[in-house]
Each structure stands twice: as structure tokens, then as C-alpha cells.
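Have a look at the structure below, then the notes.
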Amino acid sequence: MKKTKFFLLGLAALAMTACNKDNEAEPVTEGNATISVVLKTSNPNRAFGNAGDESKVAKLTVMVYNGEQQEAIESVENATKVENIKCSAGQRTLVVMANTGEMKLAGKTLAEVKALTTELTAENQEAAGLIMTAEPKTIVLKAGKNYIGYSGTGEGNHIENDALKIKRVHARMAFTEIKVQMSAAYDNIYTFVPEKIYGLIAKKQSNLFGATLVNADANYLTGSLTTFNGAYTPTNYANVPWLSRDYIAPTADAPQGFYVLENDYSANSGTIHPTILCVYGKLQKNGADLTGTDLAAAQAANWVDGQGKTYYPVLVNFNSNNYTYDNGYTPKNKIERNHKYDIKLTITGPGTNNPENPITESAHLNVQCTVAEWVLVGQNATW
């Protein structure tokens, strides 16, 4: 009799520790309540890869916490809602994440989840794996069925009728127009032949939760193979090929740029590292590459490097007299999550041989920006 009893208890224990259909270990809970959640994401915009991927929810994970303890976790693929998550009545914390890939979330405490980070990847640049999060939300569950994002009519406890908003951790910076209109001093003398678009000084790591996602990690990424050692250049700086693109003339329907993580350069301490979108190419004189004394003179003016190449950097969401912003927007000197920074660049003269140095107010560019959420920030730059 005792052996039979212990055997049955063992079977019960195994059943309680079974995994759900998406292989997330399901915490043990005495469930007298369920919760169903409908998700709302920002509208997609034109991505650098598949346009629909910016808002795609490939995997949706919902976690319910009782204090620090994970009481329930459920994941579904290619869906914007999770239904009938088994949990218990009472005050709880709801955590929702999307596109977490192979991240192991089962069994993590609330503090551990809040401390999670992500890194910028090559896959992000084709709009794949853009992680989304909603800030942890305190809710009160009642015995029976509970709903977020469903119509307020019908059975159960409707906590909120509006769908739960979830936001991308990444931002997007892109040229939507680059035009060369040399001023009178340079017209019919100098021309610019673009070759590459670079992302410079992109933050490597980001938090996933918090009022700001910028953390103390001091690592940055660049698409350029050149070491500039400028005033903005970080100490910990690594080249990655996926922050470099061959030049294709950008348009509003085919923007050219990169997905990046939050970066705050609003504290003007002299050691700021602003995120930069840059176009690079040849400066030519009278239709020919610079050589001899012409090349030497352009180098002396800090317009070009030893190969006659020049850079036109745009500090994204930065306050400068060379930059104008759409719709009365005030630049914040930072990259913010879930924003897209669309940049129209007008080139009016030679560029610079060091795009990671401060730009003088008389630089030969104009920048017009548009900012929106997916928040668009429109920025106009003139060089």
C-alpha cells in the first residue's frame, strides 16, 4: 500500500513539472484563475529587409509573477495573443516580451527578468529579431477568467479593454534622401561620388526594461574600418561589417540605414559618444579624382583622407544649427527605443576626414529630420 502511494505521488510530481507546448518550463501553481492577453504593436514601416518584419511577433511570451516568484509562463509563436494562462487569484505582476529567440526565461525571478540585456546583431539589420517589451504591469486577478485587450462585454474580469502595448527595444536611423547641391564657392569645381553608408558609434548593449534602456556598458560598434581617434571616438570600439552598406540612393520608400540601440549623449561632458549615420565617398575636382597639390590642399583643409575620400556624418537626433526637424520637434541628443529617425541630407561642399570629431556650425551640410514612434523623427542636414 505504501509503495503504491509513493508511486502515485511520484507521478503527480512529474505531472506538475511538465513543460508546456512551447518548451517553456511551467512553474507549479495552484490555479484558480486564468489570464488572456491581446497585444498591440506599432505599425510597421519600410524595413531594410522585409517590410513586415519590423512589427513581426515571431514569439510572444507572457509571464505572471507573485512577488519575485514566477508563477506562470506561456509562449506562443506567430501570434499576438496568449489565452488561458493558468495562475492564481490575487495581486500579480505581468511581464510581456516578444522575439526573445533562445533566451531562457522559465524560472527567472522578476528581478532577473528586469535585469536582462540584449546586444546589437547582424540579424537586426534585416529587421529580424527586433525584441519588444512592455514594462512590468501590476494587475489584480480574480478567481475565474481574466482578460486584457478584449471587449469589456461578456464573462470574466476585464482588467483593461485596450490591448497591451509592446514596444521595440531598437530604433531605426536612415537616410531617406541624399542630394548634392554645391554652394557657389564649390559649384562646377567639386563633386561628391558616394560609395558607402556607415553606422558609427552604435551602442553594443541595451537593457530590455526601464524608463531608459541605456546602461553602463562601455562597448560600441562601428561599420568603418578606419580608426579616427576623434573627440567622440569611444575607447572600447569594435568594427562589424554589418554597420556598412554599399551606397544605394535612398528614398522614402527605400531608406538606407541601420537598426540601433538606445544611446544617451545629452550630458555634454566632453566624453560623449553620439550615434552617427554617415555617407562616405570620393571628393572630385573638375570631374577627376584629387591628386598632387589638389589632394594635398584638400588634406590640409581636413576635407579628405590620403585617398581623396571624404565623410558626411550626421549626429542622429542632435541639436545643431545645421539640423532642422519636422513638426516643431526638439532634438534630444539621444537615441530612443521604438523611434525611427529619417534623415534628408543636402551636401553643399566638401566633407571631413574625421567624422568622429565635432562638426563646426559652418559645415557644408544641411540635415532635415523626421521623428516618429514607431515614432518618426525627421531630420534635415546640410553639409
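Quick notes on this structure:
- Of THR293, PRO250, SER266, farthest towards positive along the dipole that unit charges on Lys, Arg, Asp, Glu beta carbons give the range 246-310: THR293
- Scaling against 2.2 N^0.38 Å puts the C-alpha radius of gyration of the range 147-289 at 1.49.
- Amide H to amide H, with H built 1.01 Å from N, TYR247 comes under 5 Å of LYS196, ILE197, counting only residues 5 or more places away or on other chains.
- For the range 282-332 and the range 117-138, distance of Cα centres in Å: 33 Å
- Annotation: the residues ASP289, ASP162, ASP305, sorted from fewest to most other C-beta atoms within 10 Å of their own C-beta, follow the order ASP162, ASP289, ASP305.
- Exposure proxy for LYS142, LYS167: other Cβ atoms within 10 Å of each Cβ, ordered fewest to most, give LYS142, LYS167.
- Cα gyration tensor shape of the range 171-382, rounded if a/c is under 1.5, else prolate or oblate by comparing a/b with b/c: prolate
- The loop-placed trypsin sites (Lys or Arg not before Pro) in the range 79-113, going by DSSP, that have at most 15 neighbouring Cβ atoms within 10 Å of their Cβ come out as LYS104.
- Spin-label model, ASN321/THR227: points 7 Å from Cα along the beta carbon direction are separated by 3.5 nm.
- For the range 204-284, the pair-distance distribution built from all alpha carbon pairs, in bins 10 Å wide starting at 0, is 14, 43, 32, 10, 1 percent.
- Within straight-line cross-link reach of LYS142, lysines at Cα separation under 16 Å, skipping those fewer than 8 residues along the same chain: LYS86
Any read-out appearing in this document is the output of simple, stated calculations on the displayed coordinates, not a laboratory observation. Predicted model, so just to flag it, every value in this text is computed and none were measured. Heads up, the Cβs are rebuilt from the backbone with ideal geometry, glycines too, and the neighbour counts pull from every protein chain shown.
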